[in-house]
Each structure stands twice: as C-alpha cells, then as structure tokens.
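Here's the structure, in structure tokens; my notes come after.
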C-alpha cells in the first residue's frame, strides 16, 4: 500500500486541518482503477449454462459498483488517517501537561456542523422525499422509515438520561415504552380520551412506573441493576400477556383511535383535515403529521435533557455516574437523584410508547420484547453514553441501516437471489458492536461536552501559561 | 506552630463543648470489627490529626463520621446534634465537608463542574466568591477550570478534592490523606494551605494522615490509632516527642 503523503507530513511539518484532497483523490482513483482491472476477469463475466450450451453473460454494472465502493472506501481511509494524524499532532484534551482550553473537543468539531445539518435534514425530510419520489403515495415507505428512526432516536435519548447521564444500566427500558403504549390504548378505547390528553397521562404513568422500578434497585449498581431491570421489563410483558381482562392478553388491543390534527381528524369527510385545508384527501397527510409529531417529541426530549444537564439535578446525575460515594459526601441525596433519573427517562419512554400506539393503531405484548430494550440500549452505548448527537447517529445507523441494506439490490447479485439483509440484521448488529468495541470502545462520540463553557476565562489561563505557570 | 499555641489551645478547650465528638464508636465490615470503641473530640478552630499504620482504621473512622459505613455502637455528635444515624447527604448539609480517601473527584467532568458540585449543598449562594477564593488558594486549578478532572495530575486532583470540599464553606473539614502519593513539594504546599485555612478562616480541620511528621507538626492535637483503638492522644508537639510514636511512625528520620 503506497502510504499517502498525509501521514508523513503530519509528523514533520505543521499539520493543516484540511487533508490533502487531491492526493487522496489521486490515490483513490488509482485503487479504483486496479480494482476495475482485477474485476474484468473475476467479476465482469459469468458463465451460464443453458442445456448443453455455455453462454458468457457480462456483469459490467456489478464491476462498476465494486469499483465505486473501493474508491469511496479508499477516500474514507485517507480522511480517517488524516484526521488521526491531526489529532496526534495537536495535544489532546486528555493530556494533563498541556493547556488545551482553546482546542475545541471532538464533540464541538462534530456538533458545529452536525447539529444544524441533522436538524435541517430532519425538518425538510418529508419535502425532500416528496420531491425525490415525485408524489405523496410514492414517499410512503420513506416517511414510514423516518418515523421509525425518529421513534428510536427519541427512545435512545430517553434512555440516555438513565444510562448515559445517571450511569444506571437499564435493560428493561421497553417496559416504559409498553406502559406508555398501553396507557394510550386503554385510556382511548375505554374512556374515549383524545391523544392529546392521553399523551401527558401516558408520560406520567410511565414516570410513576419508573419510580416503582427505581425503589427496589436504589442500592444496586452495574450487573445487579442490569439483571433486575431486565426482569422488570419481562414482568411488564408477562403481565400484559396474562392479564387478559384488562389488556386482552396476547391478542393485543386493536382499533385504537388515531391522532387528530388538534381536533381535526384525518378523514375524507367534510370536517376532515384535507377538506378543512382545501387539499385533496390523501392518507399520507396523517403520516406526515405523525412524522412531525415524533420529530417534535424527540426534539422535546433533547431540549429537556440539554436543559437539565445545565441544572443542578442534571449535574448531580452525571456526578452520580462518576462517583456515588463522592456524591453523597457532597450532600447530594442519591436516592432522589436516581429516582428522578428513572422517572424522567421513563416519562419519555412513555411518550414514545403512546406515539407508537397511535401510529400503529394496534398494540400487543409482542412489540415489547427484550430485543427492543437491547436495540435501544445498543443505540445509547454505540452513540457514546451521554452524547445526544451520538445517540441520534447510532439510531439512524442501527435502525436505518438494515433498511438501506434491504434496498441495495446488487447485494442480491453478490449473495444470490434469495438474500434478505433483514435476516442478517442481528449478525450485522453483532459485527457493528464488535467493530465499535475495537475502534471506539466508548461510543461514537465519547467526549463528554462540558455543561458550562467558560469563555472569558480562557484569556486568564492563557496569560498564566505565558508566565510559565503551566 | 509553636508549642505555646498548642498548649494554650488545649487549655482553652477544657471547658468547651467539642464541635465533633465521637464516643465509643464501633464499626464493623460484615462480621469484622474495624473500630473497637473510639473516643475522640475535635474542638472548634482546631486542627486535629489522626495518625496510624495502614489498616489501623483511620479512614474507617473518617467514613463512619459521614455515616458510610454506619457505626453499630456509640454516638457521634456534631455541634450538639446526634448524627450517628443520619444519612450521609444530610450530614454533609450540616456544613461538614470531606475530601475522601482516593480523592474521588469526578473524572469526566471539568474542574469547574467539579467545583459546582461542591457548591450545590448551599445552593450556589456564594459561588462566584468561593470560586475566586479557591482559585486564589490553588492557582493551578484556575488555569485548568475547563479541563476534565481526570486529566489532572495527582497533586492537582488532590487540590481539586480539597477545593471542592471548600466550596460549601464548611465549618469542619475532614481530610483523608491529602499527602498520599504526592511529591514532597506539593505536600508542603497542601499543608501550608490547610494551615492558612485554619488560621485565617478559623476552619476546623480533622486530618487523617500517614505522614505523621508533617501532620503532627501542623496539628494542635493528635490521636494515634492502632488496630481500631485510639492508643494515644496529646498535642502535636507531645506526640512528636513521644519515644513510642517516634519509634513506630517517625522511624527513618524526618520525611
């Protein structure tokens, strides 16, 4: 492998932030060319037998795809090594002997561009899809996928409060999701309450169950806590299956009323959403509304978490994660701190659950099995415990990834016609996890962002360094 | 510290109610007894040190005062209140602060956030003033306010642990081995800060130390602990000159 000049220059000269794009492109192009050359005898032709005759059929498309992949990967490797060289050349914030106030952390690097970008994409997503797909009905699949991903982003953010901030390993988070979903399902079908009344009620009920779980596990940590929360999740599921009188058992609750646009139903009738706004009736209106609803709920979760982090209770959560004994000797009531973490985390799980119920129109205990908890936890762990943007990225990768794989038809050309990526979902999950453990053991974004950023003090410390105090 | 001052101090204390008093305290770890009935007093405005070998129970006594582990027998009173059965966080709210063994700073939080945690007891009432004060005491920390606690050197972490404890404006400061694993120069620095806190601010300090020479030189009074019992007590000077103490803890000359 001809080493790119980037790494060499990194150690000798002053490293520039932007890596040498033209060199990288050249190298990637060279690799692509070699790949293409190699693929001519290996991939481009295929022998097909028809009776006694042997035909040669060409597969240039496949060869081109493989070449493109090699090109892209090569470019990525360059970008990666360049950024690593840059990081090595610049003292890291972990290095104690150097003063590093002015050096923005990895988080700040990412967040400066990533947050507005992701937010913009999330808000414009239905419009973009509409334009790309050229019609409401055609974009149904993508909007559905968007809703699914955002639900997991929200669940990830909710669990992040418990696991990421307070450091309480919770393997039964799906229990609160279930409580939220069943709260809405039961309240709306039994009492005919509307979604907008049930949503806060579901949150409150889930928070209440969060506290109920919190009490017995107050004294537990780590593995033991994980086991008890795992059991709690299963108990909730088993109760839902067996308490047939109330929950209708394994058959679940169906025909749950749908959400209305602040009282205006999404129906084709006179007073429906389409008629009110002078649009032609389309079922997709409801989907797009649901998309924005879950986006709003997820952003609410994020906003509340970010605010709480800056308040004493949020800082107490983080301190609790770091050192419980020190916390207590600083006068923090660890009991209350843990219970609030469980309750607030559960509340957002409950919101997401009632959204799930209103979206599906049907809930059954099978939707709330351990695998769901595992996926949500995997999102939080992969994202980097406590990092909001990391969790969002992990949710997109873990939930959207398998769907994208499903759409890559050329995989069928490689692995055969019967290949269904969804069957390999868990395998890919596992591979992803192993890769994470090797390369980023503390998650995608492991750097914790300080809750307070002192601006004016930089100058003070800077001047002290010059005096030789550093 | 002059000998006259210590004797004067002891005489002064004779008629007064101690700020912290430990009476017949027994602490167990499971079935193993760690403290076998300890009696000890700390008066207001004093520096009291507890010295002893490894595993004597010094840190256990310190933690027992904070209710973790809890004393199985005996009483601990602070400013006239029985705190024996009080939860740890409530004890901390009585303006007792602790810099525990092993520093126990919050490694992923910045120095500034660590100090905020220290100030959260009194609701950030005098946060800016207190921040200014600890920054004057520990200029090193001021330089590193925005740095993560875990990236500090051992000495800086110790300073941070003490600074964090000071943020709540405690009346009584409990310090567990502030000199552990530190370079002699930094030990000297930390001990001079303890002295300053006591003399200027009138802070009462209870100091658990292995570094017997420095601790006894600094303290008004000292206690010697051997396997869960207080075996000796006296002024710092008396203990420093005691042949038994010298043989057991000061062998090998002055550190």
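Structure values in brief
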item: Residues that are at the interface with chain A (Cβ under 7 Å from one of its Cβ atoms) and in a loop (DSSP other than H, G, I, E, B), drawn from region B:106-146; result: B:106, B:107, B:108, B:109, B:120, B:121, B:145, B:146
item: Residue match in region A:196-213 (condition: part of a loop (DSSP other than H, G, I, E, B) and either closer than 18 Å to residue A:171 by Cα or outside the structural domain of residue A:163 (by the TED database) (or both)); result: no
item: Selected residue (criterion: surrounded by the most Cβ atoms within 10 Å (Cβ to Cβ)) from residues of region B:28-85 that are within 14 Å of another protein chain (Cβ to nearest Cβ) and free of Cβ contacts under 8 Å to residues at least 24 places away in the same chain; result: B:83
item: Criterion violated by residue B:113 - all others in (1) outside the structural domain of residue B:244 (by the TED database); (2) under 19 Å from residue B:175 (Cα atoms) satisfied; result: (2)
item: Residue in region A:369-390 that is farthest from the other protein chains (Cβ to nearest Cβ), counting only those that are closer than 21 Å to residue A:303 by Cβ and assigned to a helix (DSSP H, G or I); result: A:376
item: Residue match in region A:354-368 (condition: assigned by the TED database to the domain that holds residue A:208, crowded, with 24+ Cβ neighbours inside 10 Å and not in a helix (DSSP H, G or I)); result: yes
item: Conditions (1) more than 24 Å from the chain's Cα centre (by Cα); (2) part of a helix (DSSP H, G or I); number of the one not met by residue A:279; result: (2)
item: Pick from region B:91-104, criterion outside any helix (DSSP H, G or I) and at the interface with chain A (Cβ under 7 Å from one of its Cβ atoms), ranking: farthest from residue B:170 (Cα to Cα); result: B:104
item: Matching option when the condition is without any contact (Cβ under 8 Å) to a residue 40 or more places away in the chain, within 18 Å of the chain's Cα centre (by Cα) and either assigned by the TED database to the domain that holds residue A:147 or assigned to a loop (DSSP other than H, G, I, E, B) (or both), among A:303, A:266, A:351; result: A:303
item: Residues satisfying the stated conditions in region B:120-136, i.e. at pLDDT 90 or above and touching a helix residue (DSSP H, G or I) at 6+ places or on another chain (Cβ under 7 Å); result: B:130, B:131, B:134, B:135
item: In region A:313-342, the residues that are more than 12 Å from every other protein chain (Cβ to nearest Cβ) and either buried (at least 23 other Cβ atoms within 10 Å of the Cβ) or at pLDDT below 90 (or both); result: A:338, A:341, A:342
item: From the options A:149, A:115, residue that is at pLDDT 90 or above, part of a helix (DSSP H, G or I), closer than 25 Å to residue A:303 by Cβ and in contact with a helix residue (DSSP H, G or I) (Cβ under 7 Å, 6 or more places away or on another chain); result: A:149
item: Hey, residue A:413 assigned to a helix (DSSP H, G or I), away from chain B (no Cβ under 14 Å) and either surrounded by 24 or more Cβ atoms within 10 Å (Cβ to Cβ) or at positive phi (or both) or not; result: no
item: Residues located in region A:266-284, provided they are surrounded by 11 or more Cβ atoms within 10 Å (Cβ to Cβ) and closer than 24 Å to residue A:141 by Cα; result: A:266, A:267, A:268, A:272, A:273, A:274, A:279, A:281, A:282, A:283, A:284
item: Yes/no for residue B:97 being touching a helix residue (DSSP H, G or I) at 6+ places or on another chain (Cβ under 7 Å), within 21 Å of residue B:205 (Cβ to Cβ) and buried (at least 18 other Cβ atoms within 10 Å of the Cβ); result: yes
item: Options B:12, B:61; residue that is under 25 Å from residue B:246 (Cβ atoms) and either assigned to a helix (DSSP H, G or I) or modelled with pLDDT of 90 or more (or both); result: B:61
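Conditions tested, residue by residue: (1) touching a helix residue (DSSP H, G or I) at 6+ places or on another chain (Cβ under 9 Å); (2) assigned by the TED database to the domain that holds residue B:47; (3) assigned to a helix (DSSP H, G or I).
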{"site": "B:191", "(1), (2), (3)": "yes, yes, yes"}
{"site": "B:199", "(1), (2), (3)": "no, yes, yes"}
{"site": "B:216", "(1), (2), (3)": "yes, yes, yes"}
{"site": "B:222", "(1), (2), (3)": "yes, yes, no"}
{"site": "B:232", "(1), (2), (3)": "yes, yes, no"}
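The values are calculated or read from the model by the stated rules, or taken from the named source; none is laboratory data. For clarity, every value in this text was computed on a predicted model and none was experimentally measured. Please note: Cβ atoms are built from the backbone with ideal geometry, for glycine as well, and neighbour counts cover all protein chains shown.
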